[in-house]
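Reviewing the structure listed below.
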Amino acid sequence: MNIQRFRPFNILSCLLMATLPTAVLADQALDKSVVEQIVDAQVTLAKGPYKGLRTNHTKGIVVSGTFTPAATASTLTKAAHLQDTPSKVTVRFSNAGGMPTIEDTNPGANPRGIAIRFELPDGSITDIVSLSVNAFPVSTPEAFLAFLNARIATTADSLKPTPVEKMIAETPSLQRFVAIPKPFPASFASLTYHGINAFQFTNAKGESHHIRYRIEPLNGQEFLSPEQVAAATPDYLFEELPRRLETGEVKFRLLAQVAEKNDVIHDPTAIWPEERKLVDLGVLHLQAPVPDNAAAEKALAFNPLILLDGIAPSDDPVLLARPGAYAISVSRRMAP
Ligand code: HEM
């Protein structure tokens, strides 16, 4: 495996690469000031900073397990974790937002996140980082920053229309995002998660397709009624998952939704038609919470562009902005 096209835009990326020597890191060139401003805006919204913690998706739980690839995966990609050999996985489930103590019953905790670190027998790693919605609110990092700033500028005293209402009224993708149902899950294990950003898969014959990940619970989705949400404890998801794992494995199927000719690849607000082919990539078997959650989540630095040969990023500007923002968050939480 080789390290491809890595153009360091700052010292943080170098640090990240140094800790991930086997990763194939993609081109991460992007205006540093925009990603830094996004991270700062996320911290402001969360009333942070919170020392030693993530700036976003701060409340999380880490579990360990294995991944068994499906035979169909190699028809799409030659990536090593999607061939015959099982890998070890470390998975972090999280609430949205940068508040470390956000109640699981708070609407602001939706959408939920899943971050998956695959570790192959040869020590190489690759990540998938996904959300429990199938679209992003906006198409570019600049628009994401504008949206976060509109949220910061909107207070209880704001005149109507508030800055957020104004931006939603002017932005059809935000209107679609707001309209996506975001019900409260019964469990982190009973939710479908979506990769949202597209990647290019290339198989051993050199054939390429654009795909989006989908991660489906084998037992199906399950949500709470409003009455159940009202009765739930502030940490109900974080209490439920360890209990569930005591009685057996939690399983998810990893799927690739395959784009067709005219599907929009570079825009995470564009939802591909539901009838697109879904190819089985394999099954995640989650077995137990890690022994020290706080230490594990501090050390884990997920990055959706830690990729293995056979998977490349699309030219989606939101995808390309993510590694820079995550690296800033990592360096801040590692700072003494
Ligand atoms: C411009 C767009 C985005 C920015 C700037 C951004 C920023 C961030 C930052 C700073 C973190 C904290 C990372 C860390 O400290 O390790 C984070 C975490 C996370 N983000 Fe994003 N994000 C973006 C888009 C997305 C998208 C499109 C998805 C899903 C498809 C996503 C899913 C997540 C998840 C699940 C986590 C938690 C990861 C973990 O458990 O460590 N983000 N994001």
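Could you work out the local net charge near GLY108, counting Lys and Arg as +1, Asp and Glu as -1, over the other residues with Cβ closer than 13 Å to its Cβ?
For residues surrounding GLY108, the net value is +3.
Once both labels are modelled 7 Å past Cα along the beta-carbon direction, what's the VAL264-GLU246 spacing in nm?
Taking the simple label geometry, VAL264 and GLU246 are separated by 4.8 nm.
Rounded, prolate or oblate for the chain? Axes are the square roots of the Cα gyration tensor eigenvalues, ordered a ≥ b ≥ c, and the cut-off for rounded is a/c under 1.5.
It comes out rounded by the Cα gyration axes.
Check ASN110: other-chain or 5+ apart residues with amide H under 5 Å from its amide H, H built from backbone geometry?
Those lying under 5 Å, H to H, from ASN110 are ALA96.
Once the other residues with Cβ under 10 Å from the Cβ of SER139 are scored (Lys, Arg +1; Asp, Glu -1), what is the net sum?
-3
Answer rounded, prolate or oblate for region 136-179, using the Cα gyration tensor with square roots of eigenvalues a ≥ b ≥ c: rounded when a/c is under 1.5, else prolate when a/b is larger than b/c, else oblate.
oblate
Is region 274-329 best put as rounded, prolate or oblate by its Cα gyration tensor, with a ≥ b ≥ c the root eigenvalues, rounded for a/c under 1.5, and otherwise prolate when a/b is larger than b/c, oblate when not?
Oblate.
For VAL283, what residues show an amide H to amide H distance below 5 Å, using hydrogens built from the backbone and excluding near sequence neighbours?
Sorted by chain and number, the residues that satisfy this are THR68, ALA70, LEU254.
Through the Karplus equation 6.51 cos²θ - 1.76 cosθ + 1.60, θ set to phi - 60°, convert the phi angles of region 296-309 into ³J(HN,Hα) values in whole Hz; use x for Gly and Pro.
Once θ is set to phi - 60°, the couplings for region 296-309 become 5, 6, 5, 6, 6, 10, 6, 7, x, 9, 7, 10, 9, 3 Hz.
If contacts are Cα pairs under 8 angstrom and at least 6 residues apart, what is the relative contact order of region 136-179 in percent?
Computed over region 136-179, the figure is 46 percent.
Going toward the positive end of the dipole of region 149-262, with +1 on Lys and Arg Cβ and -1 on Asp and Glu Cβ, which of ASN149, THR233, THR171 do you reach last?
Farthest along the dipole direction, towards plus: THR171.
Note the full-extension length gain between ALA335 and SER225 as 0.36 nm times their separation in residues minus their Cα-Cα distance, in nm to one decimal.
35.4 nm
Per residue of region 274-288, what does 6.51 cos²θ - 1.76 cosθ + 1.60 with θ = phi - 60° give for ³J(HN,Hα)? Whole Hz please, x for Gly and Pro, Karplus curve as stated.
4, 7, 4, 4, 10, 9, 5, 9, x, 10, 8, 10, 9, 10, 7
Can you tally the net charge around HIS81? Count Lys and Arg as +1, Asp and Glu as -1, for every other residue whose Cβ sits under 13 Å from the Cβ of HIS81. Please list the in-between numbers first.
Details: positive: LYS78, LYS88, ARG117; negative: ASP84, GLU119, ASP122, ASP127, ASP309.
Surrounding charge for HIS81 is -2.
Do the alpha carbons of any pairs in LYS78/LYS182; LYS47/LYS298; LYS59/LYS298 sit beyond 23 Å of each other, and which pairs?
LYS78/LYS182
Could you tell me the distance between the Cα centroids of region 80-114 and region 130-170, to the nearest Å?
First find each Cα centre; the distance between them is then 23 Å.
Of the candidates VAL63, VAL283, VAL164, which one comes out as most mobile in a Gaussian network treatment of the chain with C-alpha springs shorter than 10 Å?
VAL164
Can you work out ³J(HN,Hα) from phi for every residue in region 237-252, in order, using Karplus 6.51 cos²θ - 1.76 cosθ + 1.60 and θ = phi - 60°, giving whole Hz and x for Gly and Pro?
With the stated coefficients, region 237-252 comes to 6, 6, 7, 6, 5, x, 4, 4, 5, 5, 9, x, 5, 9, 10, 10 Hz.
Readers should treat all values here as calculations from the given coordinates under stated rules, not as data from a laboratory. This one's a predicted model, so the numbers in the text were calculated from it and none came from an experiment. All Cβ positions, even for glycine, are placed from backbone atoms using ideal geometry, and neighbour counts span all protein chains on display.
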